[in-house]
Amino acid sequence: MRAVKGLLQAAPSLREGLIEAVGVGGLRTLTTDLKASLAEKIPAEQERLKKLKKEHGSKELGSCTVEAAIGGMRGIPAMLWETSLLDAEEGIRFRGHSIPELQEKLPKAKEGGEPIPEGLLWLLMTGEVPSSEQAASVTEMLRQRSKVPDHVYRVLAAQHPNTHPMTQLATAVLSLQVDSKFAAAYRSGMHKSKYWDPVFEDSMDLIAKLPTIAAAIYRNTYKGGDLVEASSSLDWGANLAHMMGFTDDGCLEMMRLYQTIHADHEGGNVSAHATHLVGSALSDPYLSYAAGMTGLAGPLHGLANQEVLRWLTDVRQQVGDDVTKEQMREFVWATLKSGKVVPGFGHAVLRKTDPRYTCQAVFARRHMPDYPLYRLTAMLYDVVPDILKETGKVKNPYPNVDAHSGVLLQYYGITEESFYTVLFGVSRALGVLSQGVWSRALGLPIERPKSLTMAAIEQRVAQA
Ligand code: CMX
């Protein structure tokens, strides 16, 4: 009680009933205003970082070998990323919570259903699992910001009809940049201690508009341009499915889960790192997220979910749905021997099956146990890892998130695989933009690692 009394004196928000004491020394925000909750946490985190730097700034976190420098910087701990952390064996934790824990703890649209991504957004931003009221207030805040300006539709309409949906997404986001509140505030000379505020505003504006933009890309590209209005009774994730033209309750649940689990995967993956890097130059959230999306569009990263579907379609066309394990083995070997990767398998950090794969497999077992594509995917799980192990070079032979997501989408009628990475990208906004707000709140500097020429590396190793 004394501790709480002390806090009452120290923290005006506690006096005003914005936070409550929970457990020993813990505090939980009571406000349903995401920005107020975030603002409450920033000073303590700024102090924490200052102390870390002052007391331990010269300590080593790891070293860099020649192999790491020329091998995509694997394993070099050289970035601060608060919203999630990846363990090679266990998989991702969002603010300390595993995916099964999030499925249990985050607010849901229906009893026993999947979490709504708005709850995850609150968690990523504040570090706290929100109440249903807090998640609902995020839904409402996003709804109010969701109107997409007319010029964005014109930009989309002007693109070549064969433009890939990911290119359309990046272009549409860049065309929104004209309204950046951060860019305007910077131009007008805002003090850097306040940067996080307009970055938060831009991030919320962008997240709010992404489902409408993604749905417009979908309807324009595959459904003749006939757009569907948002529903005022649906949450952010379900509205995405609704505006794409899908109303099945299972599809809405799948989309809520999909949008939750793809949100963040710590900072070093291409889409997160690209967003972080570009944001570090104080490019606004529209510019930095668009950079992340052009990275997500690569086949070794997010586009793998499209490639998995193409690959499975090839299997079905050549062998049919009743493929045997032996036929599948031959198909996998043929792919490898032709110098291609098996999409949906392997990972740069993970060394076990991706829990994002597992949770989708659990969803499929529950909702579509007899669906042929699900059975084919389950068979791949039996066949591919042993073959990848046999190659002797693949560090993680197990499936990643992209091996399963297309199956769920196909089942509910979202059959256009070239659109799949856009759905990944909409979700990824929640993670990379939350971190973007924190990067500005913590005053992280422009990123500028050292590069070396081959001659410089040779010189350094000769001296070592
Ligand atoms: N199929 C065939 N070969 C693979 C492989 C796969 N699924 N995964 C790795 N390898 C190969 C690599 O190409 C590399 O070969 P070379 O030495 O000939 O260049 C070798 O095995 C070692 O690679 P690694 O250290 O195990 O993996 P990387 O960290 O270099 O790459 C990844 C990671 C994800 C790019 C790779 O596993 C891959 O290409 N997988 C298929 C594409 C995919 O599913 N990507 C999505 C990942 C999740 C996401 O970001 O969305």
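With respect to (1) assigned to a helix (DSSP H, G or I); (2) touching a Ser or Thr at 6+ places or on another chain (Cβ under 7 Å), the lone exception for Ser146 is condition (1).
Conditions tested, residue by residue: (1) more than 21 Å from Leu86 (Cβ to Cβ); (2) in contact with a Phe, Trp or Tyr (Cβ under 6 Å, 6 or more places away or on another chain); (3) not in a loop (DSSP other than H, G, I, E, B); (4) not hydrophobic (A, V, I, L, M, F, W, C).
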| site | (1), (2), (3), (4) |
| --- | --- |
| Gly292 | no, no, yes, yes |
| Asn305 | no, yes, yes, yes |
| Leu309 | yes, no, yes, no |
| Thr313 | yes, no, yes, yes |
| Met328 | yes, no, yes, no |
| Ala334 | yes, no, yes, no |
| Lys340 | yes, no, no, yes |
| Arg351 | no, no, no, yes |
| Arg356 | no, no, yes, yes |
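Residues that are of a type outside the set (Lys, Arg), in a loop (DSSP other than H, G, I, E, B), at positive phi and surrounded by fewer than 20 Cβ atoms within 10 Å (Cβ to Cβ) do occur in the stretch 234-251. All conditions but one from (1) touching a residue at least 60 places away in the same chain (Cβ under 8 Å); (2) over 27 Å from Met73 (Cα atoms); (3) of a type in the set (D, E, K, R) apply to Asp264; the one that does not is (2). Go through the stretch 107-136 and give me each residue that's more than 17 Å from Ser37 (Cα to Cα), buried (at least 24 other Cβ atoms within 10 Å of the Cβ) and among the aliphatic types (A, V, I, L, M). Scanning the stretch 107-136 gives a single hit, Ile116.
Selection of the stretch 370-380 for residues being more than 20 Å from Ile414 (Cβ to Cβ) and either under 24 Å from the mean Cα position of the chain (by Cα) or not in a helix (DSSP H, G or I) (or both) yields an empty set. Leu287 falls short on exactly one of the conditions (1) within 18 Å of Ser175 (Cβ to Cβ); (2) surrounded by fewer than 23 Cβ atoms within 10 Å (Cβ to Cβ); (3) without any contact (Cβ under 8 Å) to a residue 40 or more places away in the chain, and that condition is (3). Of all residues in the stretch 315-326, exactly one satisfies the criterion of being in a helix (DSSP H, G or I) and surrounded by 19 or more Cβ atoms within 10 Å (Cβ to Cβ), namely Val315.
Considering only residues in the stretch 334-363 that are of a type in the set (Phe, Trp, Tyr) and more than 8 Å from the ligand (Cβ to nearest atom), the one that is farthest from Pro397 (Cα to Cα) turns out to be Phe363. State whether the residues of the stretch 402-420 include one that is without any contact (Cβ under 8 Å) to a residue 24 or more places away in the chain, among the polar types (S, T, N, Q) and away from the ligand (no atom under 14 Å from the Cβ). The answer is yes, given that some residue of the stretch 402-420 is without any contact (Cβ under 8 Å) to a residue 24 or more places away in the chain, among the polar types (S, T, N, Q) and away from the ligand (no atom under 14 Å from the Cβ). For the stretch 51-96, a residue qualifies if it is without any contact (Cβ under 8 Å) to a residue 40 or more places away in the chain, of a type in the set (D, E, K, R) and not assigned by TED's automatic domain parsing to the domain that holds His265, and the qualifying residues are Lys51, Lys53, Lys54, Glu55, Lys59, Glu60, Glu67.
Would you confirm whether or not the stretch 212-226 contains a residue that is out of contact with any His (no Cβ under 7 Å at 6 or more places or on another chain), of a type in the set (Asp, Glu) and buried (at least 22 other Cβ atoms within 10 Å of the Cβ)? The answer is no, given that none of the residues of the stretch 212-226 is out of contact with any His (no Cβ under 7 Å at 6 or more places or on another chain), of a type in the set (Asp, Glu) and buried (at least 22 other Cβ atoms within 10 Å of the Cβ). For the stretch 364-392, filtering for residues that are surrounded by 18 or more Cβ atoms within 10 Å (Cβ to Cβ) and more than 16 Å from the ligand (Cβ to nearest atom) leaves 5.
Tell me whether the stretch 390-410 contains one or more residues that are more than 24 Å from the chain's Cα centre (by Cα), assigned to a helix (DSSP H, G or I) and basic (Lys, Arg). For the stretch 390-410, residues more than 24 Å from the chain's Cα centre (by Cα), assigned to a helix (DSSP H, G or I) and basic (Lys, Arg): absent.
Against the list (1) buried (at least 24 other Cβ atoms within 10 Å of the Cβ); (2) more than 25 Å from Ala172 (Cβ to Cβ), the condition Ile446 fails is (1).
Flag: Tyr218 matches the condition of being hydroxyl-bearing (Ser, Thr, Tyr) and out of contact with any Leu (no Cβ under 7 Å at 6 or more places or on another chain). Yes or no: His404 within 27 Å of Asp322 (Cβ to Cβ), crowded, with 24+ Cβ neighbours inside 10 Å and of a type outside the set (A, V, I, L, M, F, W, C)? Answer is yes for this residue.
The values are calculated or read from the model by the stated rules, or taken from the named source; none is laboratory data. Remember, it's a predicted structure, so these values are computed and weren't measured experimentally. Don't worry about glycine lacking a Cβ; one is built from the backbone with ideal geometry, like all the others, and counts go over all protein chains shown.
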